[in-house]
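The values are calculated or read from the model by the stated rules, or taken from the named source; none is laboratory data. Quick caveat: nothing in here was measured; it's all calculated off a predicted structure. Note that we place each Cβ from the backbone using ideal geometry, even for glycine, and neighbour counts take in every protein chain shown.
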Amino acid sequence: SSGAVEVYAAGNATLELLHLSYVASEMEIDFPEVIHLEVDNTTAIAFAKRSVGKSKLKHIDVRQHWVRVIRDKNIIIPRHINTKDNLADIFTKVLDKDTFFTLSRQILMFPDDPHV
């Protein structure tokens, strides 16, 4: 299911973010103590925020445990992001023309003028 995939992706993203925080710490670069992870799947957010009592995601128990540990330590805070604001969706979803051009302009750092 897409919820299972999003939980798996959140686990991977968390690993990468923690790695970056350790590298930044070694280089004495400020890194936020609490990281906001933007997720566009409500099932994954409900799981990460512990608002789901019993999960049907049994096939990813280890990944679930990792997400639970990080969640309980308040290192990562999941936050819902709308598709119209999610830059990653341009690579993973079929988008309507307006959303596609808006996101591509943001990625390429063009102004909001549609004629550019």
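Per-structure values
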| item | result |
| --- | --- |
| Which numbered condition S51 fails, given (1) modelled with pLDDT under 80; (2) assigned to a loop (DSSP other than H, G, I, E, B); (3) surrounded by 12 or more Cβ atoms within 10 Å (Cβ to Cβ) | (3) |
| Residues (closer than 18 Å to I70 by Cα and surrounded by fewer than 15 Cβ atoms within 10 Å (Cβ to Cβ)) located in the stretch 2-17 | V5, N12, L15, E16 |
